[in-house]
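Presented below is the structure to which this report refers.
Read-outs throughout are calculated quantities, based only on the coordinates presented, and are distinct from any laboratory measurement. Treat the numbers as computed from the prediction; the structure is a model and nothing was measured. Neighbour counts run over all protein chains shown; Cβ positions are idealised from the backbone, glycine included.
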Amino acid sequence: MGEWISVLPSYLVVAAVLIIPGAAVVIAGWGWRSPQRLLLAPAISTTIAAVATVLAPLVGLRWNLVPLAVVTLLVMGIALLLRRAAGVDAAPAGRRSGLTALLSLGAAAVVNVALFARAFGSPDNIAQRFDNIVHLNAIGLALQNGNASPFQIGATSDIGFYPNAWHALTTLGAELSGAAVPVAVNGANLAIVSILWPASTLALAGAFFAQRRTAYVVAAALSTSFGAFPALFFNWGVLYPNLVGYAMVPAALAVVVTTLDDRGAPALVRSGLLICLLAGGTFLGHPNAFLSVLFFAAAVVVASFAIRAVARRTRTAVVSLLIAVVASGLAVVATVVIFRTGAEHSGWSPWQQMAQSFGEGFLASPRGYTPTVLVSALLIVGTLVVARRPRYLTVLAPFATAVLLFVISSGLRIDHPLRQFLTNPWYNDSNRLAALLPLVAIPLATLGALAVVDALRGWSASRKLPRWTGVAAAAVGIVAIFSVAVGSNVRIALGQVHEAYAYTDSSLILSSDERNLLERLDDETPPDALIIGSPRTGTSLALALADRQVTQKHVFGSPSPELLFLNGHLRDIDSDPAVCNTVDELGVDYVLDFGRQDVIDPSGAVAYDGIQDLAPGAHLVLVDSQGPDARLFRIEGC
């Protein structure tokens, strides 16, 4: 593990960015006594960072600590003003709740760092998955230009606007630590899975269960126990923007839950603004994370008003429930319509029967992951508790919503109208909906754990057992609940992550030979060199890994007619004068030829026949090569 020391600077930078700005805002606006509120800090910080990257280029600032500090101070000022009218949070009822929450978060952080560092394999490994080309090059381009705004990140693949929260954090980690892009990416991702994700989970547990110490411990442990999130997003895609957006969803939902108990206009205004802030942050993480918050919030709000209507049986309570149902329904429908995706992006097919999809959804074990017995038992107990005590319907409602969405996406036929309407904004991709399950399964499983703990405490009190037996039982319980981190569910998913991050001769993006050749570009090409190569074979990562300009930064985009001509005809440079003329026009200096190993579909390699499997000639001088396929040519004589 000694090699992982190289990740420490970028990890610490991103960790500090996740903690300090948000904590300052919470303390300014709500005080420091509520651990549940302080656990919102990483999500607030992520939002501040993403917004700061949008504003920085508008005022001529590079993306660094200066715009981050300015936006933080601005939000702190607003929070201070609101605090004067709404007051500070009360201390939690339980003693040492804050310490328990902190220790639980620390334990989850250590476990997640260990699990994912082992899965990544090495600090400079990259995920050998299609989407990683654009994410790595987006960081490289942002470092070059000092700009990580959504518009700059989108330029990497000719998209006008691209959600940038992940890129904002990662670019800042690379900029301030000086780490190479792959190392900075791994450092940022470790900070996200060890701080942002479990803190958000604990915040939601604190909101649902009145900041009970046991809830914090259980939720922290359960944040390490699911393969569907966050591990899935390091293998499927990879979906780094979704990783950040989804990690913020529990925090945003926690604010909705606590707002339902707020009284008085000042408190409601303050909470409403915080909901808007975190909703915006999830949107800048990924738009379908924002949509997830809306679906879950609607479920919680409707369930809450339904509980009140049943309990009070008054006309006001019933009318309030009807208003909540109509308003939530309209908000969901309008947003689904606005966020619809085109057919070219939403063609993912269902892949199992309805019964199987329901079973996988309820146990939060999609994709054939083996359920972890303890987690499954807690989910069942939690469901039974809701059946006996309907006041906990707000805990079950968002989980039921996530299960429904997953079942629709993975089990209904591809042309079913309900599937086409409801899950289209997630591209009809059951993997993205599978990743939502742990976010809202954890509170339900935590409810199950609380029921077990309360039953054991009652049994112990009735028999007047010695005090030490309670301490011993608590210690055994903590060890047992944290054992879920090595359960089969997460172990299978992390094994797949390890495979995704491995360098082999048949890696989808870069083989070991290709990676080694890219690392020598600093010595073999000038800093202003422009390199052509097929992005489908990983050559475009010369931008992210060697800080060299490339003709195409991603597989997708809109190449110019001149570039399309070279992609198809560069091999004819010795016989066709038009090729040299086009090379001079574009200013191309070098060619990277990584053969025909394609990252997504071998049939797409035809468009790059002119720059693959080249032979040295009068105009193509072989500068370096490694292995059978990785070669660097210099263009001469044009």
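Taking packing as the residue-averaged number of other Cβ atoms within 10 angstrom, the listed peptides 453-462, 279-288 run from highest to lowest as 279-288, 453-462. Centre-to-centre separation between the Cα atoms of region 319-363 and those of region 394-442: 6 Å. Farthest toward the positive end of the dipole of the chain, out of S292, T316, V51, is the Cα of T316, where the dipole comes from beta carbon charges about the Cα centre. A simple charge model with +1 on the Cβ of Lys and Arg, -1 on the Cβ of Asp and Glu and nothing else charged puts the dipole of the chain at about 5360 debye relative to its Cα centre. Based on the Cβ-Cβ distance of A327 and E562, what FRET efficiency does E = 1/(1 + (r/R0)^6) give at R0 = 56 Å, to the nearest 0.05? Once the sixth-power term is evaluated, E becomes 0.55.
Amide H contacts of A180 (H built 1.01 Å from N, in plane; Pro and chain starts excluded): no residue 5 or more places away or on another chain comes under 5 Å. The C-alpha atoms of the chain define a longest principal axis, and helix 287-312 lies at about 10 degrees to it. Each helix, a run of at least 4 DSSP H residues, gives -39500 (n - 2.57); summed and divided by the residues of the chain, these come to -20000 deg cm²/dmol at 222 nm.
Placing a label point 7 Å from the Cα of L74 along the Cα-to-Cβ direction, the residues of region 123-154 with a backbone N closer than 15 Å are 149-150. Phi angles of region 534-546 translate, via the Karplus equation with coefficients 6.51, -1.76, 1.60 and θ = phi - 60°, into HN-Hα couplings of 6, x, 6, 10, x, 5, 5, 6, 4, 5, 6, 9, 10 Hz per residue; Gly and Pro are given as x. For V238, the amide hydrogen comes within under 5 Å of the amide hydrogens of R129, F130, D131, N132, counting only partners 5 or more places away or on other chains and with H modelled in the peptide plane.
The computed Cα Rg over 2.2 N^0.38 Å for the structure shown corresponds, within (i) 1.27; (ii) 1.02; (iii) 0.95, to (ii). Rounded to the nearest 10 degrees, the angle from helix 197-208 to the longest Cα principal axis of the chain is 20 degrees. The angle between the Cα long axis of helix 8-30 and the longest principal axis of the Cα atoms of the chain comes to about 40 degrees, rounded to the nearest 10. 3J(HN,Hα) couplings calculated from phi for region 571-586 with the Karplus curve 6.51 cos²θ - 1.76 cosθ + 1.60 (θ = phi - 60°) are, in sequence order, 4, 8, 4, 7, 10, 10, x, 4, 5, 4, 4, 5, 4, 5, 5, 8 Hz; Gly and Pro show x.
For region 512-635, the relative contact order works out to 30 percent when only alpha carbon pairs closer than 8 Å and six or more residues apart are counted. Per-peptide packing, taken as the mean over residues of other Cβ atoms within 10 Å, places 444-452, 627-635 in the sequence 444-452, 627-635 from highest down. Whole-Hz Karplus values for region 631-637 come out as 9, 10, 10, 9, 8, 10, x Hz, taken residue by residue from phi with 6.51 cos²θ - 1.76 cosθ + 1.60 and θ = phi - 60°; glycine and proline positions read x. Annotation: cysteines of the chain without a disulfide-compatible partner (Cβ-Cβ under 4.7 angstrom) are C276. For the chain, what proportion of DSSP beta bridges, expressed in % and rounded to the nearest 5, is antiparallel? That works out to approximately 70 percent antiparallel. Annotation for A114 and A377: the two label points, set 7 Å from Cα along the Cα-Cβ direction, are 2.2 nm apart. With R₀ set to 56 Å, the beta-carbon distance separating D454 from L61 gives a calculated FRET efficiency near 0.60.
Between D624 and A210, the C-beta separation translates, for a Förster distance of 41 Å, into a calculated FRET efficiency of about 0.05. Shown here for region 366-431: chymotrypsin sites (Phe, Trp or Tyr not before Pro) in loop regions (DSSP other than H, G, I, E, B) with at most 11 other Cβ atoms within 10 Å, of which there are none. Take Q420, project a point 7 Å from its Cα along the Cβ direction, then tell me which residues of region 326-353 have their backbone nitrogen under 12 Å from it. Under cut-off, by backbone N: 343. Note on F226, F482: ascending count of other Cβ atoms within 10 Å places them as F482, F226, the fewest first. A cut-off of 5 Å between modelled amide H atoms, ignoring neighbours fewer than 5 places along the same chain, links V623 with L632, F633, R634.
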